[in-house]
1. Can you name the residue in the range A:467-485 that is more than 29 Å from A:Glu499 (Cα to Cα) and open to solvent by less than 20 Å² (accessible area, probe 1.4 Å) and is also modelled with the highest pLDDT among such residues?
2. Conditions first: (1) part of a helix (DSSP H, G or I); (2) free of Cβ contacts under 8 Å to residues at least 24 places away in the same chain. A:Glu397 passes all but one, so which condition is the exception?
3. Within the range A:89-97, is even one residue within 17 Å of A:Val197 (Cα to Cα) and modelled with pLDDT under 90?
4. Can you name the residue in the range A:540-585 that is within 13 Å of RNA strand B (Cβ to nearest atom) and among the small types (Gly, Ala, Ser) and is also surrounded by the fewest Cβ atoms within 10 Å (Cβ to Cβ) among such residues?
5. Given A:Glu440, A:Glu446, A:Glu464, which one is of a type in the set (Asp, Glu), out of contact with any helix residue (DSSP H, G or I) (no Cβ under 7 Å at 6 or more places or on another chain), surrounded by 17 or more Cβ atoms within 10 Å (Cβ to Cβ) and more than 30 Å from A:His245 (Cβ to Cβ)?
6. Considering only residues that are part of a loop (DSSP other than H, G, I, E, B) and modelled with pLDDT of 85 or more, which ones fall in the range A:439-461?
7. In the range A:190-220, what residues are buried (at least 21 other Cβ atoms within 10 Å of the Cβ) and assigned to a loop (DSSP other than H, G, I, E, B)?
Amino acid sequence: MSEIHITLPDGSVRQYPKGVTAHEIALSISEGLARNIIAAKVNGMVIETGRAITEDSHVSLLKWDDKEGKSTFWHSSAHLLAEALEALYPGVKFGIGPAIDSGFYYDIDFGDYKFTSEDFAKLEAKMLELAKQENAYTRKQVSKAEALEYFTQKGDPYKIELINELNDGEITFYHQGNFTDLCRGPHLPHTGYIKAVKILSLAGAYWRGDEKNKQLTRIYGITFPKKSELDAHMQMLEEAKKRDHRLLGKELEIFAFDDDVGPGLPLWLPKGAAIIELLEAFAKKTEKEAGYMRVKSPHIAKESMYIKSGHLPYYADSMFPPMELDGINYYLKAMNCPHHHKIFAATPKSHRDLPVRYAEYGTCYRYEQSGELFGLMRVRSLQMNDAHIYCTKAQFESEFKAVNALYLKYFKVFGIDKYVMRFSKHDPKKLGQKYINSPELWKETEEMVRNVLIKSGIPYIEVEDEAAFYGPKIDIQIWSAIGREFTLATNQVDFAQAERFDLYFINEKSEKERPLILHRAPLSTHERFIGFLLEHYAGKFPLWLNPEQVMILPISEKYQEYSEKVLNILKNHDIRALIDDRSEKTGKKIRDAELKRVPLMLILGEKEQSDNTVTVRKQGGEDLGSMTVEAFAAYVNSEIEKQLN
RNA sequence: GCCGUUGUAGCUCAGGGGUAGAGCACUUCCUUGGUAAGGAAGAGGUCAAGGGUUCAAAUCCCUUCAAUGGCUCCA
């Protein structure tokens, strides 16, 4: 029998007989490891622990803690879910059932049966019962004809549709217990690994994601190798729910919606408006330092402008319907770009003027579909941290880089570290439809963007077919507390609109030349950004951004006058403070200030009044002791200084 | 927009074919207190809106609106 060489992740090379399995390799290291491995990555491909390895390979043994280990675990769990469903509801039809970031789902056609959350317990019990049987997941290569025959006999039209798109020779079935599924694998050794099961939710999902297709029932679930891990996960979900910006926004009186105002049209309450103004002041200062000029534009414009800009054919559906005045259609603006381009065109430009950077917190209106609205994250009226930069090709790189630097500066101030930078490119097949038909410019600008990204060393991912119609872009992706993904900020290249708006500058040779345009919105919209920050800070806005920085708590009414004196001094130092003058005990006032997430509390009683001091309690309980009001004001301002730099 | 779920006081929720309930919040009074809930009283609701069934509807049915979990979408 011939031997093969197996290279492990630590670089060590071991010899095994040809046909060795990952399980046997693990066993040769330790029994404990053999018990814990879920799958194996062999030369980059994840396979079962029981599959024969027939050539020299790089092997890493995947455990639950590995991302691919989890995904294998959950993929197998989806099959277990399917087996349980088939046992409980014979005749159901199966769509697809993949693993996702946390857990898995399976799309099911229940026919006439109406599956509801009341069925969850029964389903979980059945899954656990089947899991205990420790049924092995077995892999079988089948011919296309065999595969079609099996599912035709079973009467599963969705699987047949999938098989028809596969090539003969690369079709495999996986089987466990009484269930067989079309599947690429890999899977767990047996169902016994699954010790804890939770069915999470139910949703409609179009077959193959196409809204023209039938809607199937999607069942989301999650499983774990230990019950304790499931409990921890459920607790984590509970905690995440408490951070949901929709709850916090109501609780902290930041924003509200009203039926008479309309869906997706947030009302900013005084505290929310205060945060907006603080953010704006910060952005304006930063942008001024970065050489931006502020402009202002109206909220509506004539149809002709959106025809010219090219937006209308692409986005008419997501704009509010036009209003007609004197036979002319006017639209609420859904983007600020065209207005800014008109501002650029309003005065002649020389190459000496470039780059020109126009910034505006512009209010836009987008008619998002009703089902897409989501708290502050998807709304119909939005105030965008917008700016457009008009530059020469030679200036592009430094401008693009400067914009990226601005992002990173902001992210540092806000402590944003969990994000993905996504470089969105066009799809050459869709030129002239989804994208402006200028193949050369696409190539050129995408290359420029990639170069800047590489040179600045920022980690990023590239995705096809996600660009704006006028050029490639970089999006910053973030996740809401409940795990939904959003684009927070965007930085886009535009080589199309200068042409459409006949924008030009006079170059050194006295010729007209088109500028390149950058669109950027690092602080997103007020709506999405504050929604994000509510969750990011769990409602505890940092001192500089908190609408209520200090709560003054007189121990009794006797100290009301002294409290007002302190309040006035703080006001003179531009510190935002309030007095809680209710006739409640200090413990109660502290509790309420904590619930309002006020960062600093001043406790004023006999001692403070006679010494002319304040006693400082930080949010969360830290005691900073007593100090003069002046010293406290200096402390607040130095903290703010630290937070902003 | 599509499928599912939900809608009762400012908030969180209970109830449920026979005239509406709790806790917190709010108002007033008592209390004047030192680091996460002092006490009492009071006020507050066309039970989302419209229609239907019924002697009687907040409750059952239908429609609409809104929220919500997903899907699709996201300049």
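1. Looking at the filtered set, the residue picked out is A:Gln477.
2. Result: A:Glu397 fails condition (2) only.
3. At the first step, the residues of the range A:89-97 found to be within 17 Å of A:Val197 (Cα to Cα) are A:97.
Going one step further and asking which of them are modelled with pLDDT under 90, we end up with A:97.
Yes, some residue in the range A:89-97 is within 17 Å of A:Val197 (Cα to Cα) and modelled with pLDDT under 90.
4. The qualifying residue surrounded by the fewest Cβ atoms within 10 Å (Cβ to Cβ) is A:Ser583.
5. Result: A:Glu446 is the single residue among A:Glu440, A:Glu446, A:Glu464 that is of a type in the set (Asp, Glu), out of contact with any helix residue (DSSP H, G or I) (no Cβ under 7 Å at 6 or more places or on another chain), surrounded by 17 or more Cβ atoms within 10 Å (Cβ to Cβ) and more than 30 Å from A:His245 (Cβ to Cβ).
6. Of everything in the range A:439-461, just one residue is part of a loop (DSSP other than H, G, I, E, B) and modelled with pLDDT of 85 or more, namely A:Tyr460.
7. A:Ile194
So that you can scan it fast, the table gives a plain yes or no per residue for (1) in a helix (DSSP H, G or I); (2) among the acidic types (Asp, Glu); (3) closer than 17 Å to A:Ser76 by Cα:
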| site | (1), (2), (3) |
| --- | --- |
| A:Gln141 | no, no, no |
| A:Tyr150 | yes, no, no |
| A:Asp168 | no, yes, no |
| A:Phe173 | no, no, yes |
| A:Thr180 | no, no, yes |
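The values are calculated or read from the model by the stated rules, or taken from the named source; none is laboratory data. What you see is a predicted model; the values in this text were computed from it and never measured. Heads up, the Cβs are rebuilt from the backbone with ideal geometry, glycines too, and the neighbour counts pull from every protein chain shown. Keep in mind that these areas ignore ligands, DNA and RNA; they rest on the heavy atoms of the full protein, side chains included. Shrake-Rupley method; radii C 1.70, N 1.55, O 1.52, S 1.80 Å.
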